[in-house]
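Student: Got a structure for you, questions after.
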Amino acid sequence: MPNVLAIDQGTSSSRAIVYDDQLRPLGAGQRELPSIYPQDGWVEQDANQLWDSVLESCREAIANSGVSVSAIDAIGITNQRETSIVWDSISSEPVGNAIVWQDRRTADLCQKVLDDGMEERIAERTGLVVDPYFSSTKLSWLLRREPYRELADANRLKWGTVDSFLLWRLTQGQVHATDDTNASRTQLYDIIVNEWSEDLLDYFGVPWSVVPTVQDSCSFFGTAHKDWFGKEIPILGIAGDQQSALIGQVCCEPGMAKSTYGTGCFLITNTGSTKCESKSKLLSTIAYRIDGVTTYAVEGSIFNAGTAIQWVRDNMNFIKNSAESEAAAQRIDGETNGVFVVPAFTGLGAPHWEPNARGLICGLTLDTSTDEIVTATLKSVGFQTADLVAAVQNDEVPLDRLRVDGGMVGNDWFCQFLSDITGLQVDRPTNVETTSVGAAILALLGLGRLSNLRDAVRLWTVDSSFYPAMSESDRVRELERWHTAVARAL
């Protein structure tokens, strides 16, 4: 019976889980990964520290699994998307820190892209809007500086999203590749013809020599060197974290949607073979590409979800741990008495796309309590999700229920508020680590243990379902007050 190692490299931590062929977790390992904030709006990570956290997590997961490394038959990788890493192809050493997806340093460069009239061309080719979130301007910003430009001119510079860097290190420099889902988030990849866009590479000043080869999400990506785990292990699947969660939630039919609550929040709806032309500033993206067939999705991105709860915990010291946010909301029955928090710490994502917005608290009085601020912060994630749901529905994409996952959904109060404020049934699966599950499914597909994604439906089970209980008038009033707060942030 085969076992697979799922690598889940996220923004806040790196995790690894060994799964059997029934997607039962056998052992896990995890290492926190700190971010670096050199100045306002800049977010970086040490790429070597990122690699070390992955390697240590994998070894810990295998040690905790109770199975020998000889019983690990394949690796699947999922990763934080858009984050850009560049490295020297000779030494394999990173050239500077990774620029994280949350980074806003290229806001001015994005404005120039808009001024140049590139917005429509970018949307047609990539399905994306112009925003510092994506990799294109991050890489362009680096290539305008030394030593990046010098190394690129010498054909020594390699670039990729996190998966590409991990793949390079795992194969000891033998493979420079990525998959369609990660490539689709760079703003340099044509998601219709499934290849790098020559005119966008040229516009952003990116030489062909630095970009990775693009493969299907389920394909052979090379072999992890035996130095790392004691044996060679084939790498058979790669997907960006949110697409991996969509796979892990087995949202394999058009109209099926999932929303993941980690560092940020990402709502993705499967649109099948149709690339959605969004009227609501949502993103059209590749959900996955298997056996040469592309499945598309429409996505809305919230930049701060779990980070907002971390802020009230670590910066404000209003709670001692994230779980206390549920108790705070229950103590006041969710009533914040007019207090609203807009957690635009690194700008606002969909449907606003305003990188220069910053967070605010409004409605404070002398009677305001910490419970009200904590609850307002929790509710802000639900409000933003409701805005994304409305945008998806405005694009005439069918959506009648939501599958949720990520660290925040262990909070029953939050899940019920999500259902109330979106007006949708919310389903929480038994295993909420769906990002790593998606990577495991891709690895099992590569091994032939699953015939197709639909074959994984039997392995998905629901833990709890939540149904709307808020009156429509209350829901409308709450959203109107939320939109007033957002207008102030904008």
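The values are calculated or read from the model by the stated rules, or taken from the named source; none is laboratory data. If you're wondering where the values come from, they're calculated on a predicted model, not measured in any experiment. Cβ atoms come from the backbone with ideal geometry, glycine included; neighbour counts cover every protein chain shown. Accessible surface areas use protein heavy atoms only, side chains included; no ligands, DNA or RNA. Shrake-Rupley method; radii C 1.70, N 1.55, O 1.52, S 1.80 Å.
Student: Sort the range 280-352 into rounded, prolate or oblate with this rule: let a ≥ b ≥ c be the square roots of the eigenvalues of the Cα gyration tensor; rounded if a/c is under 1.5, and if a/c is not under 1.5, prolate when a/b is larger than b/c, oblate otherwise.
Tutor: The shape class here is prolate.
Student: Nearest 5 is fine: what % of DSSP beta bridges in the chain come out antiparallel, could you say?
Tutor: 70 percent
Student: Ok, one more. Can you tell me how the range 200-299 classifies by the Cα gyration tensor, rounded, prolate or oblate, using a/c under 1.5 as the rounded cut?
Tutor: Details: a/c = 1.94, a/b = 1.34, b/c = 1.46.
Here the range 200-299 falls in the oblate category.
Student: I'd like the carbon and sulfur percentage of the solvent accessible area for the chain, probe radius 1.4 Å, heavy atoms only, ligands and nucleic acids excluded.
Tutor: 46 percent
Student: Further question: Rounded to the nearest 0.05, what FRET efficiency do Glu93 and Leu490 give with R0 = 35 Å and r taken as the Cβ-Cβ distance? Could you check?
Tutor: After rounding, the FRET efficiency stands at 0.25.
Student: Run the numbers on the chain and let me know its relative contact order in percent, using alpha-carbon pairs under 8 Å that are six or more apart.
Tutor: Relative contact order of the chain: 14 percent.
Student: With a Förster radius of 35 Å, plug the Cβ-Cβ distance of Val67 and Asp463 into 1/(1 + (r/R0)^6) and report the FRET value to the nearest 0.05.
Tutor: Numbers: r = 26 Å, r/R0 = 0.75.
So the FRET efficiency works out to roughly 0.85.
Student: Okay, next question. According to the square roots a ≥ b ≥ c of the eigenvalues of the Cα gyration tensor, what is the shape class of the range 49-118, taking rounded for a/c under 1.5, prolate for a/b larger than b/c otherwise, and oblate for the remainder? Intermediate results must be reported in sequence, preceding the final value.
Tutor: Details: a/c = 3.34, a/b = 2.52, b/c = 1.33.
Prolate shape, in that a/c is at least 1.5 and a/b is the bigger ratio.
Student: While we're here: Using heavy-atom solvent-accessible surface (probe 1.4 Å) with all chains present, what is the largest-first order of His225, His176?
Tutor: Numbers: His225 55, His176 30 Å².
Descending accessible area places them as His225, His176.
Student: Taking DSSP loops as anything outside H, G, I, E and B, show the longest stretch in the chain free of GluC sites (Glu not before Pro) there with at most 14 other beta carbons within 10 Å.
Tutor: Formally, the longest exposed-site-free interval is 1-231.
Student: May I pose another question? Could you give the accessible area per residue of the range 252-356, probe 1.4 Å, as a whole number in Å²? List each step's numbers first, then the result.
Tutor: Numbers: 3770 Å² over 105 residues.
For the range 252-356, the per-residue accessible area is 36 Å².
Student: Let me check something: with ligands and nucleic acids excluded, how do Val67, Val381 order by accessible area (1.4 Å probe), largest to smallest?
Tutor: Most to least solvent-accessible, the answer reads Val67, Val381.
Student: Report the calculated FRET efficiency for Asp40 and Asp202 (r = Cβ-Cβ distance, R0 = 30 Å), to the nearest 0.05.
Tutor: Computed FRET efficiency for Asp40 and Asp202 comes out at 0.40.
Student: Right, something else. If a helix is a whole DSSP H run, which ones in the chain reach 24 Å or further along their own axis (Cα) and hold a mean Kyte-Doolittle hydropathy of at least -1.0? Mind showing how you got there, number by number?
Tutor: Numbers: long enough: 47-65 (27 Å, -0.24); 370-394 (36 Å, 0.40); 472-489 (26 Å, -1.11).
Membrane-span-like by this criterion, though nothing is claimed about a membrane: 47-65, 370-394.
Student: Name the residue from Leu444, Cys265, Ile421 whose Cα lies farthest towards the positive end of the charge dipole of the chain, charges +1 on Cβ of Lys and Arg and -1 on Cβ of Asp and Glu.
Tutor: Leu444
Student: Taking trypsin sites (Lys or Arg not before Pro) that fall in a DSSP loop and have at most 11 other Cβ atoms within 10 Å as cut points, what is the longest piece of the chain between them? Let's see the in-between values first.
Tutor: Details: sites that count: Arg144, Arg145, Lys279, Lys320.
In the chain, the maximal stretch lacking such sites is 321-490.
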